[in-house]
1. Test residue 74 against the stated conditions and say whether it is farther than 23 Å from residue 147 by Cβ, free of Cβ contacts under 8 Å to residues at least 60 places away in the same chain, surrounded by 13 or more Cβ atoms within 10 Å (Cβ to Cβ) and within 14 Å of the chain's Cα centre (by Cα).
2. Let me confirm something: among 78, 39, 74, which residue is at pLDDT 90 or above and farther than 20 Å from residue 154 by Cβ?
3. Out of the residues in the stretch 112-139 that are surrounded by fewer than 20 Cβ atoms within 10 Å (Cβ to Cβ), in contact (Cβ under 8 Å) with a residue 60 or more places away in the chain and over 14 Å from residue 28 (Cα atoms), state the one that is nearest to the chain's Cα centre (by Cα).
4. Would you mind telling me which numbered condition in (1) surrounded by fewer than 15 Cβ atoms within 10 Å (Cβ to Cβ); (2) modelled with pLDDT under 90; (3) within 20 Å of residue 132 (Cβ to Cβ) residue 69 fails?
5. Determine, yes or no, whether residue 93 is in contact with a strand residue (DSSP E or B) (Cβ under 7 Å, 6 or more places away or on another chain), in contact (Cβ under 8 Å) with a residue 60 or more places away in the chain and under 18 Å from residue 150 (Cβ atoms).
6. Here is a check on your reading of the model: is residue 51 buried (at least 20 other Cβ atoms within 10 Å of the Cβ), in contact with a helix residue (DSSP H, G or I) (Cβ under 9 Å, 6 or more places away or on another chain) and not in a helix (DSSP H, G or I)?
7. Among the residues in the stretch 10-32, are any at pLDDT 85 or above, in a strand (DSSP E or B) and under 21 Å from residue 133 (Cβ atoms)?
8. Give the residue that is nearest to residue 52 (Cα to Cα), with candidates limited to residues of the stretch 77-88 that are outside any strand (DSSP E or B) and under 16 Å from the mean Cα position of the chain (by Cα).
């Protein structure tokens, strides 16, 4: 019930403020934070829960507000990256901006089998090997989850999130 209420609220915010970029970044930040609560990692560095943002400076700036919060009992640290070669192992979540679509195969190969949850709103992200794709369908935010990629990275997604997602088999 909590996830459905949260999704309804986030969808309303997204739809009513689609034109305001700052609001879009706030919504994406909220989604990333909420999605983390439904994922289990094999281990989390007690020094910081890394949320990495690849190719979206404005999102990284807004996501910095999460550094006042905790995920899995660990303080959040936001790392902005412009190049995938700079991504380090301290990322538990990697948000990949749609501007990186031409490089998606290379990016995903670089982190393949690492326990890093990949999220993006780019089209075909889940089919291309990403883990969670955000989509706006009929004014509602939907999730597509590539469960085989999630499992290959030794992550687990809780059933409440899986129950509202479309499971993709690439």
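1. Taking the combined requirement at face value, the residue does not satisfy it.
2. On the way: 39 fails: farther than 20 Å from residue 154 by Cβ; 74 fails: farther than 20 Å from residue 154 by Cβ.
The conditions single out 78.
3. So the residue we want is 115.
4. Answer for residue 69: the failing condition is (2).
5. Judged against the criteria, residue 93 is a match.
6. Values: buried (at least 20 other Cβ atoms within 10 Å of the Cβ): yes; in contact with a helix residue (DSSP H, G or I) (Cβ under 9 Å, 6 or more places away or on another chain): yes; not in a helix (DSSP H, G or I): yes.
Yes; evaluated as a whole, the condition is true for this residue.
7. no
8. 87
The values are calculated or read from the model by the stated rules, or taken from the named source; none is laboratory data. Please read all numbers here as calculations on a predicted model, not as lab measurements. A quick note on method: Cβ atoms are made from the backbone with ideal geometry, for glycine too, and the neighbour counts reach across all protein chains shown.
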